[in-house]
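Heads up, the thing below is written out as structure tokens.
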């Protein structure tokens with residue numbers, strides 16, 4: 001995506017935002033899925049303010065840690081899955097995931113540091129099934145409604161996200 005560009009989105013779902021846990025300030029939320037398509041529109045006369053739609057970077061996650069406020073969306077490149085670097089034809093150990101009931105991902109935002117994303121229980125199994133069903137080894141992940149938490153003291157910090 002390019003700043004200032006207009007895009008068309010097809011195959012999406014729209015719903016009213018919950019007041020308890022806001023994903024965004026607007027009253028509605030747009031949900032994308034595997035078959036959603038986003039493509040640029042050229043020569044559009046529509047002007048959209050730049051601060052109305054954006055993904056959060058590292059600084060915003062760090063500022064939101066442990067506040068239990070708005071939930072964030074996250075797009076990043078997966079670097080490690082359960083401690084193993086991504087490789088073509090990578091196979092996840094379903095028995096290990098079923099016994100530990102979690103998957104630990106190392107994910108990097110655009111231009112930011114690598115952060116840890118821990119998926120628990122059903123989210124871990126869903127990730128495992130989607131990862132396995134994908135034809136190639138996926139490297140980009142979009143996760144919605146994250147609750148960032150800081151683990152450790154001020155000298156050594158990790159970030160964990162609950163979905």
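The values are calculated or read from the model by the stated rules, or taken from the named source; none is laboratory data. In this text the structure is predicted, and so the values were computed from the model without any measurement. Cβ atoms come from the backbone with ideal geometry, glycine included; neighbour counts cover every protein chain shown.
Here residue 82 fulfils each of the conditions (1) surrounded by fewer than 13 Cβ atoms within 10 Å (Cβ to Cβ); (2) in contact with a strand residue (DSSP E or B) (Cβ under 8 Å, 6 or more places away or on another chain); (3) at pLDDT 85 or above apart from (1). For segment 131-145, taking the residues that are over 15 Å from residue 82 (Cβ atoms), surrounded by fewer than 17 Cβ atoms within 10 Å (Cβ to Cβ) and touching a strand residue (DSSP E or B) at 6+ places or on another chain (Cβ under 8 Å), the one that is modelled with the lowest pLDDT is identified as 144.
In segment 26-53, which residues are in contact with a helix residue (DSSP H, G or I) (Cβ under 9 Å, 6 or more places away or on another chain) and either modelled with pLDDT under 80 or assigned by TED's automatic domain parsing to the domain that holds residue 134 (or both)?
Start the filter on segment 26-53 by keeping residues that are in contact with a helix residue (DSSP H, G or I) (Cβ under 9 Å, 6 or more places away or on another chain), which leaves 26, 34.
Hit for segment 26-53 is 26, nothing else.
In this structure, does residue 131 turn out to be out of contact with any helix residue (DSSP H, G or I) (no Cβ under 7 Å at 6 or more places or on another chain), closer than 24 Å to residue 34 by Cα, touching a residue at least 24 places away in the same chain (Cβ under 8 Å) and not in a loop (DSSP other than H, G, I, E, B)? Walk me through it before giving the result.
On the way: out of contact with any helix residue (DSSP H, G or I) (no Cβ under 7 Å at 6 or more places or on another chain): yes; closer than 24 Å to residue 34 by Cα: yes; touching a residue at least 24 places away in the same chain (Cβ under 8 Å): yes; not in a loop (DSSP other than H, G, I, E, B): yes.
Criteria met by residue 131.
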